[in-house]
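K.L.:
Pasting in a structure now, in structure tokens, and then I'll have a few things to ask.
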Amino acid sequence: MISAPIYSINGPVVKLRQTDGFSMMEMVYVGHRRLIGEVIGLTAEEVTIQVYEGTSGLRTGEPVESSGAPMCVTLGPGILGNIFDGIERPLQQLRKESGAFIADGLSVPILDTEKRYDVTVKLKVGDKVNRGEVYASCQETSVILHLCMVPLQLSGEVIYAAPSGKYTINDEILRIRDAKGAEHSLTLCQKWPIRKPRPALRRIAPSRPMITGQRVIDTLFPIARGGTAAVPGGFGTGKTMTQHQIAKWCDADIIIYIGCGERGNEMTQVLEEFTALKDPRTGRSLMERTVLIANTSNMPVAAREASIYTGITLAEYYRDMGYHIAIMADSTSRWAEALREISGRLEEMPAEEGFPAYLPSRLAEFYERTGCYETLGGAEGSVAVIGAVSPQGSDFSEPVTQNTKRFVRCFWGLDKSLAYARHYPAINWTISYSEYLDDLSDYYNKNVNPRFTKMRAEIAGILKDETELMDIVRLIGADVLPEEQKLTLEIARVIRVGFLQQNAYHKDDTYVPLQKQYLMMDAILHLQNAAKNAMAQGTSLQALKNSGVFEKVIAMKYDIPNNAPTMFQTLKQWIDTTLAQLHREEQ
């Protein structure tokens, strides 16, 4: 164990003059309290360390000990349902040790070492094993089966296999002899460096959407399983609420929520809501398939920088079991601010708005760890990331938003005016986009309806026409528009209020299956065609408005339950009957 004295302290940045025995990205223990740190700079003259805990009271001359290993997370049963800080320390255990305010230098077990799991051992003595192969399984929660996999740097022959039964995470389950004759003992848990992506057999092209039940996302701007999306928006536009809604309703197997630098009261609300939520898929607690990583704005800034790597490493671990993971990162702007603060203390040359020049490459490293993969064990798993961005003053031209757009394929821009008008999700359809439309069109056409993508394009076209017409209306008023263009504005209003806007507190509108989304589009376009035909036969637009057909179609999201698709045919017949009667009355 190498030890060297501290000679410089600058916030979370500590420097040593003795360089022998230390290596880049190595985890170290700083000071008498043994604070956790990581080597981030190494020259012939000095070692630079970032400390993941508070350095108040730390003095020069105190020792720094090397660990000989990189910064790692512990992977094993017990992760799900837990709440960790940015470096995977369980907050509930820390609270028992130090109360509401976390003391520095605390050392607690990452996972519960006393809980016994009912383990099924899948290998026997003499079996040949390769890296990533499943050797045991246990029921981590009622909905997730935990698969224990051979560490990714190990292969060989089984020389001992425990019988199936109840074990703790530290009990020996398997012993393997590798090709060099060395023996390795395997328990239910293992470690992995947070900054190193876990390998997989091959990347699979995206072909299936991650269904969220939110119409503006699933229909207009879909995200694929294993995809990437950015949710930028100013204060109060609903970034966190949008992520909450997606986390609750999306069809991912496991949710990992990373609260990165958010306000303490907001993070408290997240913790209270998630622990109280019922999983709509199982009727049990949503926490049984959720991991929360909480690193609030008053926690050490270096741990904030590490939190997103901790989260995505946990996601890759469950991906290797064959699960589909959705990560909610809230927010990457606070993470970038942590990079900026540490970069300033390191006296690095600043780039745009003071952010370090390597901001784009760090963002790329994070988002590149997503995707849909065939794992080393032969399963198929995916990691999708939905990252909130908090541009100051809702300025989407600032560096974090602009660089994030380079590495994501979905952009859900939140609009302050929509949020203040109580239009949720407040996703602005004029600036948002999805590059997954072509990849997912076959899925929609085969599994929903062959007309789905065509109808989606028609809906998007009407919204685009409305935007252009509203520019004219603002200049010279709506009265100068011909009746057909006024009808376009009315149909666009039906789309905005009746389709894009959702009510999270309504039992049928909070989550809408794809089939109902298609039928709602079909009803809106049927209304448009029927109204055009009626106007061509002499019916006025004002008469159409007075008939209530537009309001009736807007109300279909509430009036028609999710499990009653036949009611849409009744609605279309009612539209035809009402317009026919209106035409007869005007003759």
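K.L.:
Under the classification rounded if a/c is under 1.5, otherwise prolate if a/b is larger than b/c and oblate if not, where does the range 1-91 fall, given a ≥ b ≥ c as square roots of the Cα gyration tensor eigenvalues? Mind showing how you got there, number by number?
P.N.:
Values: a/c = 2.50, a/b = 1.71, b/c = 1.46.
Because a/c hits 1.5 or more and a/b exceeds b/c, the range 1-91 counts as prolate.
K.L.:
Now, a different point. Could you please put Asp438, Asp85 in sequence from largest to smallest accessible area, using a 1.4 Å probe?
P.N.:
Sorted descending by solvent-accessible area, the residues read Asp438, Asp85.
K.L.:
Then there is this: Run through the range 356-432 and list the chymotrypsin sites (Phe, Trp or Tyr not before Pro) located in a DSSP loop whose Cβ has at most 14 other Cβ atoms within 10 Å.
P.N.:
Here the chymotrypsin sites (Phe, Trp or Tyr not before Pro) that fit, given the DSSP loop and packing criteria, are Tyr358.
K.L.:
Could you tell me the calculated FRET efficiency between Arg284 and Asn546, based on Cβ-Cβ distance and R0 = 51 angstrom, to the nearest 0.05?
P.N.:
Numbers: r = 50 Å, r/R0 = 0.97.
Working from the Cβ atoms, E equals 0.55.
K.L.:
Using a 1.4 angstrom probe, figure out how much accessible area the chain has per residue, in square angstrom, rounded to the nearest whole.
P.N.:
Numbers: 24690 Å² over 587 residues.
Dividing the accessible area of the chain by its residue count gives 42 Å².
K.L.:
Let me ask something else about it. Count neighbours as other Cβ atoms within 10 Å of each site's Cβ, and list the GluC sites (Glu not before Pro) in the range 102-168 that are DSSP loop with at most 11 such neighbours.
P.N.:
Glu114
K.L.:
Of (i) 30.2, 93; (ii) 23.6, 72; (iii) 27.7, 97, which is the value of Rg and Dmax of the Cα atoms in Å derived from the coordinates here?
P.N.:
Correct label is (iii).
K.L.:
For helix 514-536, what angle does its Cα long axis make with the longest principal axis of the chain, in degrees from 0 to 90 and rounded to 10?
P.N.:
So the helix axis and the longest Cα principal axis differ by about 20 degrees.
K.L.:
Rounded, prolate or oblate: which one fits the range 274-413, using the alpha carbon gyration tensor with axes a ≥ b ≥ c (rounded when a/c is under 1.5, else prolate when a/b beats b/c, else oblate)? All intermediate terms of the calculation are to be shown ahead of the outcome.
P.N.:
Working: a/c = 1.92, a/b = 1.65, b/c = 1.17.
It comes out prolate by the Cα gyration axes.
K.L.:
From the protein chains alone at 1.4 Å, what is the descending order of accessible area for Lys507, Lys416, Lys572, largest first?
P.N.:
Numbers: Lys507 160, Lys416 95, Lys572 35 Å².
Solvent-accessible surface, decreasing: Lys507, Lys416, Lys572.
K.L.:
Okay, next question. Can you give me the % of accessible surface on the range 451-587 that is carbon or sulfur? Probe 1.4 Å, all protein chains present, nothing else counted. Each step should come with its number before you reach the end.
P.N.:
On the way: 3500 of 6790 Å².
Summing carbon and sulfur atoms, their accessible area is 52 percent of the total for the range 451-587.
K.L.:
In the neighborhood of Cys250, defined by Cβ-to-Cβ distances under 11 Å, what is the net charge if each Lys or Arg adds +1 and each Asp or Glu adds -1? Walk me through the numbers on the way to the answer.
P.N.:
Values: positive: Arg225, Lys248, Arg281; negative: Asp218, Asp251, Asp253.
Around Cys250, the charge tally is 0.
K.L.:
With a 1.4 Å probe and every protein chain kept in, tell me what percent of the accessible surface of the range 314-397 is carbon plus sulfur. Working shown, then result.
P.N.:
Working: 1270 of 2770 Å².
Answer for the range 314-397 is 46 percent, counting heavy atoms of protein chains only.
K.L.:
Sequence neighbours fewer than 8 away in the same chain don't count; with that in mind, list the aspartates and glutamates whose C-alpha is under 17 Å from Lys507.
P.N.:
Partners within reach: Asp279, Asp559.
K.L.:
Give me the extension gain from Leu277 to Asp479: residue separation times 0.36 nm, minus the current Cα-Cα distance, reported in nm with one decimal. Let's see the in-between values first.
P.N.:
Details: separation 202, 0.36 × 202 = 72.72 nm, distance 4.95 nm.
My answer for the length gained is 67.8 nm.
K.L.:
Just check the range 511-561 against the gyration tensor rule for me: Cα atoms, a ≥ b ≥ c as the square roots of the eigenvalues, rounded for a/c under 1.5, and otherwise prolate or oblate depending on whether a/b exceeds b/c. Don't skip to the answer; put the middle values down first.
P.N.:
Values: a/c = 5.02, a/b = 1.99, b/c = 2.53.
Here the range 511-561 falls in the oblate category.
K.L.:
Residue by residue through the range 4-13, which ³J(HN,Hα) values in whole Hz follow from phi under the Karplus form 6.51 cos²θ - 1.76 cosθ + 1.60 (θ = phi - 60°), with glycine and proline marked x?
P.N.:
8, x, 6, 10, 8, 10, 9, x, x, 9
K.L.:
Still on this structure, please answer the following. Distance check, please: which entries in Lys516/Lys557; Lys248/Lys446; Lys115/Lys196; Lys516/Lys545; Lys446/Lys516; Lys239/Lys405 exceed 19 angstrom between their Cα atoms? Show your work: numbers first, answer last.
P.N.:
Values: Lys516/Lys557 9 Å; Lys248/Lys446 26 Å; Lys115/Lys196 29 Å; Lys516/Lys545 25 Å; Lys446/Lys516 15 Å; Lys239/Lys405 16 Å.
Violating the 19 Å Cα-Cα cut-off are Lys248/Lys446; Lys115/Lys196; Lys516/Lys545.
K.L.:
Sum -39500 (n - 2.57) across every DSSP H segment of at least 4 residues in the chain, then divide by the residue count to get the 222 nm mean residue ellipticity, nearest 500. Could you put the intermediate results ahead of the total?
P.N.:
On the way: 16 runs with 198 residues, N = 587.
It lands at -10500 deg cm²/dmol.
K.L.:
So, R0 is 22 Å and r is the distance between the beta-carbons of Met349 and Gln392; what FRET efficiency does that work out to, to 0.05?
P.N.:
According to the calculation, E is roughly 0.45.
K.L.:
Go through the range 400-408 residue by residue and turn each phi into a ³J(HN,Hα) via Karplus (6.51, -1.76, 1.60, θ = phi - 60°); whole Hz please, and just put x for glycine and proline.
P.N.:
Per residue, the Karplus-derived 3J(HN,Hα) values read 5, 5, 5, 6, 5, 4, 6, 10, 10 Hz.
K.L.:
Next question. Which aspartates and glutamates have a Cα less than 19 Å from the Cα of Lys464, not counting those fewer than 8 places away in the same chain?
P.N.:
Filter leaves Asp218, Asp415, Glu435, Glu483, Glu484, Glu490, Asp522.
K.L.:
How far apart, in nanometres, would the label points at His506 and Ser98 be if each is projected 7 angstrom from Cα along the Cα-to-Cβ direction?
P.N.:
Distance between the two pseudo-spin positions: 4.8 nm.
K.L.:
In whole percent, how big is the carbon plus sulfur part of the accessible area of the range 1-95, probe 1.4 Å, protein atoms only?
P.N.:
Values: 1810 of 3770 Å².
Here it works out to 48 percent.
K.L.:
Now for a different question. Which loop trypsin sites (Lys or Arg not before Pro) in the range 240-312, with loop taken from DSSP, have no more than 15 other Cβ atoms within 10 angstrom of their Cβ? Can you show the working numbers first?
P.N.:
On the way: sites: Lys248, Arg263, Lys278, Arg281, Arg284, Arg289, Arg304; in loops: Arg263, Arg281, Arg284.
Counting only loop positions with at most 15 other Cβ atoms within 10 Å, the trypsin sites (Lys or Arg not before Pro) in the range 240-312 are Arg263, Arg281, Arg284.
The values are calculated or read from the model by the stated rules, or taken from the named source; none is laboratory data. The structure presented is a predicted model; accordingly, all values stated were derived computationally and were not measured. All Cβ positions, glycine included, derive from the backbone under ideal geometry; neighbour counts span all protein chains shown. Just so you know, the surface numbers come from the protein's heavy atoms only, side chains and all, with ligands and any DNA or RNA stripped out. Shrake-Rupley method; radii C 1.70, N 1.55, O 1.52, S 1.80 Å.
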